[in-house]
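Computed from the coordinates by the stated procedures, all read-outs in this text should not be read as laboratory data. Since the structure is predicted, the reported quantities are computational estimates derived from the model, not experimental observations. Neighbour counts are summed over all protein chains in view; Cβ atoms, including those assigned to glycine, are modelled from backbone coordinates with ideal geometry.
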Amino acid sequence: MSDNLRLTGKEYDITSLGEALIDFTETGISPSGMRLFEQNPGGAPANLICAASRLGAKTAFIGKVGGDMHGRFLQETLKEAGVDIRGMVTAEDIFTTMAFVTLDGGEREFSFARKPGADAQLTEHELNFEILDNTAVLHIGSLSLTDEPARTATYTAVKRAKEAGAIISYDPNYRAPVWSSRKESVLRMREPLHLVDIMKLSDEETELLSGYSDPERAAMELSNRGISIVAVTLGKSGALVCCNGECRMISGYDISVVDTTGAGDAFWGGFLYQLLKSGNPLKLVNLDAATSFARFANATAAICVRRRGGIPSMPTLQEVMSLTP
């Protein structure tokens with residue numbers, strides 16, 4: 001659990017909005033030959049906010065879970081990680097969203113139980129505006145854009161936080177099974193770009209978000225649309241960062257991968273933590289500073305992939321510092 005040291009003048013350094021769900025991760029075979037799955041707390045926005053909290057940021061989460069054993073487990077998990085969960089709504093009539101995750105050499109394949117899931121049923125009337133008015137960064141993903149009413153709630157939250165001066169952070173986190181078609185996913189994932197200040201995407205998402213598969217060309221395209229900082233995660237190769245029209249590669253770590261679940265969330269949680277810790281307004285962050293943030297973020301992700309699961313794998317500040325020069 002973090003000490004929750006405030007990095008900014010706001011009550012919350014980072015607020016994350018979106019899905020908190022259960023990842024049932026494949027763990028082996030039972031004596032009778034059946035596959036075994038382990039209950040892990042996850043969901044990209046929940047992973048990220050726990051990563052930032054464990055590093056020391058003052059954090060909050062806005063989302064919806066079911067009034068069931070899984071929802072209670074998620075609430076306790078975030079609370080134990082030091083996250084303010086006053087914005088976490090409980091639905092008594094909808095089950096907590098679940099994702100079944102199979103692993104092949106550390107890489108994942110997802111199958112979702114979400115028809116509907118509680119995360120997609122968050123309404124704009126359930127948003128905690130006190131939190132949104134008092135956060136330095138609001139982070140969103142794209143799973144909250146798949147269905148109503150969560151889509152409208154997400155845009156309402158973004159506009160409210162932006163009006164209060166928050167930086168809007170975005171990670172599209174593409175999951176094909178939750179979309180009706182690739183065409184719809186492209187449309188919905190690109191819709192919020194004009195509201196976004198900083199974003200992270202993976203090398204698998206570059207074409208979906210920009211029209212270009214090449215990471216540098218994609219990052220430049222997104223930068224040209226007015227996004228101040230664009231980071232593209234590249235797996236073992238590290239990351240590419242684009243800031244003010246300039247791009248730079250930052251090498252990753254050569255380590256043994258156990259589970260890549262949450263790696264991108266750990267990266268971006270570390271990056272946002274360093275951005276806020278710097279104390280610099282976004283407009284004054286240059287490529288050298290963004291590179292420094294990404295090195296720290298790579299170390300955060302490197303520790304994450306050594307462990308199983310999303311939230312349980314997020315490292316402490318001391319662990320990250322042990323990897324960085």
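The table below gives the values:
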{"item": "Kirkwood hydrodynamic radius (C-alpha pairs) into Stokes-Einstein, region 8-93, 20 °C and 1.002 mPa s, D in µm²/s", "result": "156"}
{"item": "Pair E92, E80: separation of 7 Å Cα→Cβ label points (nm)", "result": "2.7"}
{"item": "Stokes-Einstein diffusion coefficient of region 165-209, Kirkwood radius over Cα pairs, 10 °C, 1.306 mPa s, in µm²/s", "result": "142"}
{"item": "For E38, net neighbour charge (Lys/Arg +1, Asp/Glu -1) across residues whose Cβ lies under 9 Å away", "result": "-1"}
{"item": "Over the chain, equivalent-ellipsoid semi-axes from the Cα gyration tensor in Å", "result": "26, 23, 20"}
{"item": "Stokes-Einstein D in µm²/s, Kirkwood radius over Cα pairs - region 177-234 at 20 °C with 1.002 mPa s viscosity", "result": "186"}
{"item": "Rule-of-thumb Rg ratio for region 47-198 [Cα; 2.2 N^0.38 Å; N residues]", "result": "1.03"}
{"item": "Cβ-defined net charge surrounding L7, 10 Å radius [Lys, Arg +1; Asp, Glu -1]", "result": "+3"}
{"item": "Trypsin sites (Lys or Arg not before Pro) within region 216-262, DSSP loop, no more than 15 other Cβ atoms inside 10 Å", "result": "R225"}
{"item": "Dipole magnitude of region 1-121 about its Cα centre (Cβ charges: Lys, Arg +1; Asp, Glu -1), debye to nearest 20", "result": "280"}
{"item": "Charge dipole magnitude, Cβ of K and R +1, D and E -1 - the chain, Cα centre, debye nearest 20", "result": "400"}
{"item": "Label-point separation in nm, T123 to T291, each point 7 Å along Cα→Cβ", "result": "5.1"}
{"item": "10 Å Cβ shell holding at most 16 others, DSSP loop, GluC sites (Glu not before Pro): longest site-free stretch of the chain", "result": "205-325"}
{"item": "Dimensionless Rg/Rh of region 157-270 - Kirkwood Rh, Rg from C-alpha atoms", "result": "0.97"}
{"item": "Helix runs (DSSP H) in the chain reaching 15 Å along axis by Cα, Kyte-Doolittle at least 0.0", "result": "44-55, 263-278, 287-304"}
{"item": "Length added when fully stretched, I29-E246, from 0.36 nm per residue minus Cα-Cα", "result": "73.3 nm"}
{"item": "Most fluctuating residue given options A301, A157, A52, as computed from a GNM of the chain linking Cα atoms under 10 Å", "result": "A157"}
